[in-house]
Number of protein chains: 2
Amino acid sequence: MAEPAGISSLTLNRLSVYLRCLRQLQDSDVTHVSSSQLAQQFELSAALIRKDLAQFGEFGIRGTGYRVDDLVESLIKVLGLDRAHNLAVVGLGSLGSALARYLSINDKPFRIVAAFDVDGRKVGHKIGHLTIHHSREIREIIPQTGAQIAVLSVPESAAQRCYDDLADCGIKAVLNFAPVQLKQAPSVRTKSVDFQINLEELAYFLSS
Amino acid sequence: MAEPAGISSLTLNRLSVYLRCLRQLQDSDVTHVSSSQLAQQFELSAALIRKDLAQFGEFGIRGTGYRVDDLVESLIKVLGLDRAHNLAVVGLGSLGSALARYLSINDKPFRIVAAFDVDGRKVGHKIGHLTIHHSREIREIIPQTGAQIAVLSVPESAAQRCYDDLADCGIKAVLNFAPVQLKQAPSVRTKSVDFQINLEELAYFLSS
DNA sequence: ACCGACTTGTGAACGATCTCACAAGCACGA
DNA sequence: TCGTGCTTGTGAGATCGTTCACAAGTCGGT
Ligand SMILES: NC(=O)c1ccc[n+]([C@@H]2O[C@H](COP(=O)([O-])OP(=O)(O)OC[C@H]3O[C@@H](n4cnc5c(N)ncnc54)[C@H](O)[C@@H]3O)[C@@H](O)[C@H]2O)c1
Ligand SMILES: NC(=O)c1ccc[n+]([C@@H]2O[C@H](COP(=O)([O-])OP(=O)(O)OC[C@H]3O[C@@H](n4cnc5c(N)ncnc54)[C@H](O)[C@@H]3O)[C@@H](O)[C@H]2O)c1
């Protein structure tokens, strides 16, 4: 394999898309695929796909293209999906519950191993076969579970405090859904998904 | 005001962030703010903030900074948030319901005016004070409601068909949550939010 | 064994985005 | 009225991301 150096989010996100597409091809028993065939599926240039892939090694065969099975395997390795990732979910409101449900179905390499809330009606009860703990126990419980990634779906007002707790107890990555600009901890890779911002972008295009 | 020309998504999304921050300042009775003060809040350079804002006109006062109230008002106008936007939600599973709930609370300029599903247990029932219709009625009902934006939260297998229906009946923008690469209609501004891709990006950083 | 048709991987050109640095402008006090 | 101190708006330059174009390599047919 190859470069550890700064791979951009854009490239990484496209790798996920390629992987998804390649798996569909596997299901259709396609064994080989060229960069231009892939490029047609999404609206990308073939060169970009080749550049993206080439950053991690030489996966293709000149004159032939890429062997689908091999490329799937390589991408899984590159993205780190060949090992299980333990997740904690913090905030089991309507969004958090939906995410938890989604993850237990689509469980491939991501597995929920801890759940937290503050609502007395939820703490102590189960979501799936997992007991919901009180958030004040985050620091105590997370290290026992081996969770490295946290999904943060609490109200805005609680987001920063929960984030800091998570950072303190060894969480390495957070996917945040609260519409706030988190003051980030240096030890934590943080990514936010902001529904409202996306809607507002669409609103802009409608009124112009 | 100024340029209609191609504003990038990056800029637009930052404008939303600025707006959110400015509203907090309003609540704290701060009347003036400089680009460098804003820059501290998020981790951005002051110059970038000024460039972003300057694309739409001269909102600042040299030597003083920006008047918070004025800038809020200007950004609301720029983003098109000064008028109501009617939304349709398609697919009221766990995610769709969470989104619908979220939008009815946080209703500022976005209002749900139509809801669709195919599940017999849902069609005919209400979500909030809105009746859920069968998806086959999308083409008929959407034009009556004036919805211009659709939120698409159906399973992957149904996403493309629903999208095409929405495009056909005059929807101008779609926010898609299904993990698929939609074949886009030229008349529709489309944006996707992909939970899985975001998780996979985080996974990459953990294993490297 | 060779040719022709094809595809990859990649340097170089291009374009978009961000940062730097400073002239132009405003407020306030002397 | 003028000067000082501050901040905006903005060209010029740096950096990052994408596209172009082609040499290098592979395969199948003859
Ligand atoms: N629901 C959506 O569709 C949606 C969409 C985009 C963003 N969001 C954001 O996601 C977050 C959650 O949204 P929601 O709709 O699920 O809200 P919700 O009110 O349904 O759920 C929030 C949950 O967090 C819990 N909570 C509160 N403080 C907590 C703490 N300190 N520690 C742990 N849990 C705590 C609450 O008890 C509740 O169960 C919000 O920030 C919201 O803005 C939601
Ligand atoms: N739940 C999550 O946290 C989550 C996160 C990320 C992405 N997603 C994606 O969002 C989509 C919905 O997820 P979900 O968890 O709500 O699934 P879900 O199964 O709970 O809900 C899907 C809903 O869509 C309805 N539906 C099916 N076909 C339809 C059609 N043709 N027209 C209208 N409605 C139809 C179903 O009846 C159901 O109510 C999926 O594509 C999923 O991959 C979900």
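Within segment B:155-170, the set of residues being buried (at least 23 other Cβ atoms within 10 Å of the Cβ) and either touching a Gly at 6+ places or on another chain (Cβ under 9 Å) or on the phi > 0 side of the Ramachandran plot (or both) comprises B:159, B:162. Among the strands (runs of 3 or more DSSP E) confined to segment B:134-208, the ones with at least 2 residues that are more than 30 Å from residue A:188 (Cβ to Cβ) and more than 9 Å from every other protein chain (Cβ to nearest Cβ) are located at B:149-152.
Considering B:173, B:203, which residue is over 30 Å from residue A:111 (Cα atoms) and open to solvent by less than 30 Å² (accessible area, probe 1.4 Å)? So the residue among B:173, B:203 that is over 30 Å from residue A:111 (Cα atoms) and open to solvent by less than 30 Å² (accessible area, probe 1.4 Å) is B:173. Would you check if residue B:112 is assigned to a strand (DSSP E or B), within 16 Å of ligand 1 (Cβ to nearest atom) and modelled with pLDDT of 95 or more? For residue B:112, the condition - assigned to a strand (DSSP E or B), within 16 Å of ligand 1 (Cβ to nearest atom) and modelled with pLDDT of 95 or more - is met.
Exactly one residue out of B:75, B:92 is part of a loop (DSSP other than H, G, I, E, B), away from DNA strand C (no atom under 16 Å from the Cβ) and more than 8 Å from every other protein chain (Cβ to nearest Cβ), and it is B:92.
Considering each residue of segment B:56-71, count those that are surrounded by fewer than 16 Cβ atoms within 10 Å (Cβ to Cβ) and not in a strand (DSSP E or B), and give that number. Number satisfying all stated conditions: 7. Looking only at residues in segment A:5-30 that are open to solvent by less than 50 Å² (accessible area, probe 1.4 Å), part of a helix (DSSP H, G or I) and of a type in the set (A, V, I, L, M), which one is farthest from residue B:194 (Cα to Cα)? Only one residue tops the list, namely A:25. From the set of residues in segment B:96-133 that are of a type in the set (S, T, N, Q) and within 14 Å of chain A (Cβ to nearest Cβ), which is nearest to ligand 2 (Cβ to nearest atom)? Selected residue: B:97. If you scan segment A:127-154, which residues turn out to be among the basic types (Lys, Arg) and surrounded by fewer than 13 Cβ atoms within 10 Å (Cβ to Cβ)? A:136, the sole residue that qualifies. Can you confirm whether segment B:38-50 contains a residue that is more than 14 Å from every other protein chain (Cβ to nearest Cβ), in a helix (DSSP H, G or I) and touching a strand residue (DSSP E or B) at 6+ places or on another chain (Cβ under 8 Å)? There is no residue in segment B:38-50 that is more than 14 Å from every other protein chain (Cβ to nearest Cβ), in a helix (DSSP H, G or I) and touching a strand residue (DSSP E or B) at 6+ places or on another chain (Cβ under 8 Å).
Taken together, the residues in segment B:49-83 that are more than 22 Å from the chain's Cα centre (by Cα) and near DNA strand D (Cβ under 9 Å from one of its atoms) amount to 13. Is it true that some residue in segment B:47-56 is in contact (Cβ under 8 Å) with a residue 60 or more places away in the chain and touching a helix residue (DSSP H, G or I) at 6+ places or on another chain (Cβ under 7 Å)? No, because not a single residue in segment B:47-56 is in contact (Cβ under 8 Å) with a residue 60 or more places away in the chain and touching a helix residue (DSSP H, G or I) at 6+ places or on another chain (Cβ under 7 Å).
Among the numbered conditions (1) out of contact with any Phe, Trp or Tyr (no Cβ under 9 Å at 6 or more places or on another chain); (2) within 14 Å of another protein chain (Cβ to nearest Cβ), the only one that residue B:84 does not meet is (1).
The values are calculated or read from the model by the stated rules, or taken from the named source; none is laboratory data. Everything numeric in this text was worked out from a predicted model, so none of it was measured. Positions of Cβ are generated from backbone atoms using ideal geometry, with glycine treated the same way; all protein chains shown enter the neighbour counts. When the accessible area is computed, the model is the full protein with side chains, heavy atoms only, and any ligands, DNA or RNA have been set aside. Shrake-Rupley method; radii C 1.70, N 1.55, O 1.52, S 1.80 Å.
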